[in-house]
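Read-outs throughout are calculated quantities, based only on the coordinates presented, and are distinct from any laboratory measurement. Treat the numbers as computed from the prediction; the structure is a model and nothing was measured. We place every Cβ from the backbone using ideal geometry, glycine too, and count neighbours over all the protein chains shown.
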Amino acid sequence: MRMNEIGVRTEHPLIGINGFYTEDDVPRVNLRMSYVDAVVRAGGVPIVIPPAGAERELMRLVGMLDGLILSGGDDFDMQRLGRGPTHAAALVTPASKQDFDMRLAELALETKLPVLGICYGMQALALCDPATTLLQHLPEDRPGCQEHGGRQRHPVTVTPATKLARLCGVERLNVISSHHQAIGQLGPSWQTAALDDEGLIEAIELNPSAGHPFALGVQWHPEAAPEGTPHDRIFRGLVGAAGMLAARRDLSSPTRP
């Protein structure tokens, strides 16, 4: 490990990314390289996280990471979350992965680990607040709304004076969407950071009163956007917050591995 003259690490921060899990003939974890590339461009070191380990191991993992990305995925088993019936159109996430992801999201918020939620990952963060509601099937739950699945491209309006607005530096973003579930109503822990032209919640961030350094969720896929667009700044914001956390840890414990 390289250290500078005051004993602070000079390595790039470690960013965990939860992989996409399938339970076919051979259970496996997959991750699109676009997530990895986005983290590397932002100055982070990506590491893929499989949905495994009990609470003690998960706590240890969170303690080792400098930042976290909750990536896209399938749909939520709402009954397992205690939120009523699951829509018949849902492609349900395997129970072990959903449980793991939700606990990972909770720990990131509780421990103030910088975290970025993307698509399913944003919804997981939002659902950590029990007052958040989920629209389980678009357009059925919002009759007449625009299509959001299949990598649709559409604009969103960024909410002024939010972290997302400061990061991106623009009022409008063209985004790539691949979802049919969305946030209906946000719980009080969160605030809206972007909306589409029909008022659908497209980005969220934790209320400043929580004192969290970086807790942001976007409904679209910034990792799929072309390099050099404002979407890159979202990853740079996460990696920057992760680097600050790593530096604080090193100052308090210079021998931290």
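Considering only alpha-carbon pairs that sit under 8 angstrom and 6 or more positions apart, the relative contact order computed for the range 97-155 is 20 percent. Helix 55-64 axis versus longest C-alpha principal axis of the chain: approximately 60°, rounded to the nearest ten.
What does the charge dipole of the range 14-252 about its Cα centre add up to, to the nearest 20 debye, if the Cβ of each Lys and Arg holds +1 and the Cβ of each Asp and Glu holds -1? Walk me through the numbers before you get to the answer.
Values: 20 positive and 28 negative charges, 147 e Å.
In total the dipole reaches around 700 debye.
What percent antiparallel are the DSSP beta bridges of the range 1-143, to the nearest 5? Counting DSSP beta bridges with both partners in the range 1-143, the antiparallel share is about 25 percent. Between the alpha-carbon centres of the range 135-207 and the range 229-247 there is a gap of 21 Å.
Among Gln123, Gln146, Gln79, the largest mean-square fluctuation in a Gaussian network model of the chain (Cα springs under 10 Å) belongs to Gln79. Can you give the net charge of the other residues whose Cβ lies under 11 Å from the Cβ of Gly117, counting K and R as +1 and D and E as -1? Overall, the nearby charge balance is -2. Each helix, a run of at least 4 DSSP H residues, gives -39500 (n - 2.57); summed and divided by the residues of the chain, these come to -8500 deg cm²/dmol at 222 nm. Result for the chain in a Gaussian network model with C-alpha springs under 10 Å: among Gly67, Gly44, Gly150, the largest mean-square fluctuation is at Gly150. Relative to the longest principal axis of the Cα atoms of the chain, the long axis of helix 95-110 makes an angle of roughly 60 degrees. FRET efficiency for the pair Arg166 and Ala52, taken as 1/(1 + (r/R0)^6) with r the Cβ-Cβ distance and R0 = 45 Å, rounds to 0.80. Within the chain, DSSP assigns beta bridges of which about 60% are antiparallel (rounded to the nearest 5).
Dipole of the range 62-209 computed with +1 at Lys/Arg Cβ and -1 at Asp/Glu Cβ about the Cα centre; of Ala90, Ala161, Ser189, farthest Cα towards the positive end is Ala161.
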